[in-house]
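In what follows, a structure is listed as structure tokens, so that the remarks can point back to it.
Read the figures in this text as sums done on the coordinates, not as results from a lab. Computed from a predicted model, the values in this text were never measured in an experiment. Here the Cβ is made from the backbone with ideal geometry for all residues, glycine too, and neighbour counts use every protein chain on show.
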Amino acid sequence: MDQPTPKKPSRIQQKNRKRILEAALDVFSQHGYRGATLDQIAEAAGLSKPNILYYFSGKEEIHVTLLNRLMETWLDPLDEMDPNGDPLQEMLGYVRRKLQMSREFPRESRLFANEILQGAPRMAPHLESGLKPLFDRKCALVREWMDQGRLAPVDPGHLIVSIWATTQHYADFDAQLGVLMPPGAPGAETFLETLYTRLLTPGR
């Protein structure tokens, strides 16, 4: 017997799910998974706790839903690196995309950082099946550019990780930067482009 087609969520149901996920993103990015509670998410969403549990089985399902939604977005800037492009411009473009992502998605960056700091208990399968193969492919591409003399030789893996560190810092440690950096200080994009241009330009 054919299984009945699942009923499409109503517009109100879709709106409420989105509302819950937006509220949860705020809560998780501020408190981490362990510190967040369903009561906090319900309060932030302006819904009752039973209402939250109508849409999600609990805190973990909400968190996993957010992580699944985040992972594809997180991989896009690295995936967009073009093997046929100019190597230095492709690397600088990657730096710009990662920095822009930190500006546009600071909550998502902190959500990701909190998950990794806890040992990636819910994201480990995505790291293995999604990030690792892409990371290996792009490391191989960067190594090929270096072997061709089109980029200065450095370790490709550490290069990509350093780009993550120097761009995501602006989201993950925003409060610290607000204290340390004087008003009107030169922009991060200019500094990072200069840094990686000097590092990667052959023969410097």
- Query: Which values of log₁₀ I(q)/I(0), to two decimal places, follow from the Debye formula for segment 1-113 at q = 0.18 Å⁻¹ with a uniform point scatterer at every Cα?
  - Reply: -0.91
- Taking the Cα centre of each part, how many Å lie between segment 100-127 and segment 129-173? 18
- Task: Over the chain, calculate the relative contact order: mean separation of alpha carbon pairs under 8 Å at least 6 apart, over the residue count, as a percent.
- Result: 22
- Would you please state the base-10 log of I(q)/I(0) at q = 0.21, 0.23, 0.24, 0.26 1/Å for segment 126-204, with intensities from the Debye formula using one equal scatterer on every alpha carbon? -1.01, -1.09, -1.13, -1.22
- Message: Under 19 Å between alpha carbons, and skipping anything fewer than 8 positions from residue 138 in its own chain: which aspartates and glutamates qualify?
- Response: 72, 76, 79, 80, 82, 86, 90, 128, 147, 155
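Taking 0.36 nm per residue of separation and subtracting the Cα-Cα distance, what length does fully extending residue 69 through residue 54 add? The partial results should precede the final answer.
Working: separation 15, 0.36 × 15 = 5.40 nm, distance 2.02 nm.
Result: 3.4 nm gained on full extension.
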- Note on the structure: Taking segment 47-149, the equivalent ellipsoid from its C-alpha gyration tensor has semi-axes in Å, biggest first, of 34, 15, 10
- Enumerate the aspartates and glutamates that residue 49 could reach by cross-link, defined here as Cα to Cα under 13 Å, with residues fewer than 8 away along the same chain left out. 39
- Task: Would you mind working out the magnitude of the charge dipole of the chain relative to its Cα centre, with +1 at each Lys and Arg C-beta and -1 at each Asp and Glu C-beta, to the nearest 20 Debye?
- Result: 580
- Only helices counted: for the chain, with every DSSP H run of 4 or more residues adding -39500 (n - 2.57) and the sum spread over all residues, [θ] at 222 nm is -23000 deg cm²/dmol
- Task: Let me know the volume per residue of the alpha-carbon convex hull for the chain, in Å³.
- Result: 177
- Message: Could you tell me the calculated FRET efficiency between residue 155 and residue 197, based on Cβ-Cβ distance and R0 = 22 angstrom, to the nearest 0.05?
- Response: 0.75
- Where N is the number of residues in segment 11-66, Cα Rg divided by 2.2 N^0.38 Å: 0.97
